[in-house]
1. When Cβ neighbours within 10 Å are restricted to other protein chains, what is their mean count per residue of peptide A:14-20?
2. Could you sort out which of A:Lys372/B:Lys47; A:Lys47/A:Lys234; A:Lys127/A:Lys208; A:Lys9/A:Lys278 sit more than 18 Å apart by Cα distance in this structure?
3. Would you please give the FRET efficiency between A:Asn110 and A:Lys208, computed as 1/(1 + (r/R0)^6) with r the Cβ-Cβ distance and R0 = 51 Å, to the nearest 0.05?
4. For peptide B:117-123, how many partner chain Cβ atoms fall within 10 Å of a residue's Cβ, on average?
5. Give, in nm to one decimal, the length gained when the segment between B:Arg212 and B:Arg86 is fully stretched (0.36 nm per residue of separation minus the Cα-Cα distance).
6. In whole Å, what three semi-axes, largest first, describe the equivalent ellipsoid of the stretch A:63-226 built from its Cα gyration tensor (square root of 5 times each eigenvalue)?
7. Just going by the charge dipole of the stretch B:28-84, with Lys and Arg at +1 and Asp and Glu at -1 on Cβ, which of B:Gly63, B:Leu53, B:Ser43 is farthest out on the positive end?
8. Using just the Cα positions, wrap the stretch B:2-117 in a convex hull and report its mean projected area in square nanometres, one decimal place.
Amino acid sequence: MTRGKLVFKNLTRKKSRFLFTILGIAVGIASLVTLLSLGTGLEAEVKKQSQALGAELVVTPKGWCAYEQISVLTGESLPEAIPNEDVEKVAGITGITAVPYLVQRTAIKNQPVTVVGILPEPMKQFKNWQIDRGEYRLDRESVVVGSSIAQQFELKAGDKLTIRGTGFILRGILKEMGNRDDLVIYLDLATAQKLYGVGDKVSFIAVKVDDVTQMDRYSQEIQERANVAVVSDKQLIRSVLAIMGTVRNTLQMIAAVAVLAAAFGIINTMLTAIHERKREIGILQALGARRRTIFSLFLYESALYGLLGGVLGLAAGFALSFFAAPYIEQSEFTAFLGSAQSVKMFSPAVVGQAMLFAVVVACLAGIYPAWKASRLSPVEAISYE
Amino acid sequence: MSEMIIRTEKLTKIYENGYSTVALQDVDLEIPRGSLSCIMGPSGHGKSTLLHLIGGLDRPTSGKVFLEDLDLTAVDANHLAEVRCRRIGFVFQFFNLLPVLTVLENVEIALMLAGIPPRNQRERAEELLGLVGLEDKLQAKPNQLSGGQRQRVAIARSLANDPDILLMDEPSGNLGTKSERELLENIEKVNQRGKTVVIVTHSPSVAKISHRIIYIQDGRLKKEGE
């Protein structure tokens, strides 16, 4: 006979109570694991999208907040605020390549899709795009699309597309880039400006510099020449991660509260068990069990609830995050989480954090019941009927 | 070594449950080593209370209990647990076996609490269960046994750590005539092995095998006779 065997036999004697207490912990841990898993891939995904942008500096209208900066990476629609005059001033600086973006939205078959107005040739060189099917042609009647859009809506070169009530011909489909470029319809910039009625304005300008050691100088020069703000790709990543981190932490706090609620379930279960097994505690005391032995036996029971609930919650959480990720509604906050690739399955950090949290919470929940059991008077306990 | 293994001095127990109930008053008692003593008296007059106090399961309101030279009223709860574990075996009227454990495990648990490693527990537990004739019931659960068999498991368990003293509270209270006879045989067998046995009982049959009878009435020692 070992303490472990005794604990396990006591734990499983009331099977339905055992199961429901475990499930309480498992549900909390599953939600925590889901959010942790989704969040783990966040940083890598943000960096990936920043790389896809291909710019060291991003020129934005003055006064943009961090939420709008996120949209540069997520492809959400952005207010048009930089006039063509400023675009030309920035593009005229020696040692940089500047490409303007006008980011808008449309719908295909009632599904929201990002539309980006671009200067066709500069952008092709800037991004090093390759054409997969059809030809790379953008003008008043022609558009190209990313590979995922073509796949999702079963589009092929030569198809007709209606954007904001105007008919276009899909001329070409870009080769898969593995980033958000695959999810966009590209229009000629002037056509897009006319279509969306934004005059000669663009949303932001992506800037590539010839000499990265001179980034500060370029940034200063851009701001001196035009009435704009400049943010570096690293600053962009930092501010995006800061906001995403706040959202992620809030969600994880909610999940943690679910686990804490389950902890009260453990306290309740353990107090009930102690009440029912009062006489057995007395028997153990009569046989010579010390207070700390009784305390440890009940604490182990609590810990085991945490451990088993944690394991079950981990499995459920990983499954949930894997299957749920592709269905998460796209928004500023979840855009980076919207693919199964962004979920780091079986991350040791997630497993460690979730298991530690489950066991620590279960142990804390077990302290009071275990203490109560250990303080029972032997004669009262053994005489209990 | 003292001739008296258990000694009490002016032992008094008063229960306070809103009002005071005197369970024992000024009890001076001596139990010789190796004796088979029987505590008798009407129900509710303090027999079990006396047994609990000399077994270290409860604390007196005043007075002292000595186990040889050790004052049980002066030691802390952990020391008292140690004494119960190694020097005293208990047998109760309602057997008090752990229902989730098998017969073998019910004996092994006493060994586990004494710190005996699992590999050594089994051999000792089987030996004790063999002594009470339950070698064929090792894997049975308590609810699969008769009252007499359960009481034999309780006796085997009480002997697990080779205690000096066996304290029995109405051990035949729930047994039929045949089981009681078997119990008495086992008690005599244990006593013959040098264990001091103290039994609280109403049964004349149990009293008949005792070396001495202690009478308690209204919480006081009435008479002590050989």
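Coordinate-derived values only; no laboratory data. These numbers were taken from a predicted model, which means no experiment stands behind them. Quick reminder, even Gly has a Cβ in these numbers, built from the backbone with ideal geometry, and neighbours come from all protein chains shown.
1. Working: counts 0, 0, 0, 0, 0, 0, 0.
Partner Cβ neighbours, averaged per residue: 0.
2. Working: A:Lys372/B:Lys47 29 Å; A:Lys47/A:Lys234 9 Å; A:Lys127/A:Lys208 11 Å; A:Lys9/A:Lys278 16 Å.
Table pairs above 18 Å Cα-Cα are A:Lys372/B:Lys47.
3. On the way: r = 37 Å, r/R0 = 0.72.
Efficiency for this residue pair is about 0.90.
4. Numbers: counts 1, 3, 0, 0, 2, 1, 0.
Going residue by residue through B:117-123 and averaging, the value is 1.
5. So the chain would gain 42.8 nm between B:Arg212 and B:Arg86.
6. Numbers: eigenvalues 156, 58, 42 Å².
Computed over the stretch A:63-226, the values are 28, 17, 15 Å.
7. B:Ser43
8. On the way: hull surface 36.9 nm².
Seen from a random direction, the Cα hull of the stretch B:2-117 projects 9.2 nm² on average.
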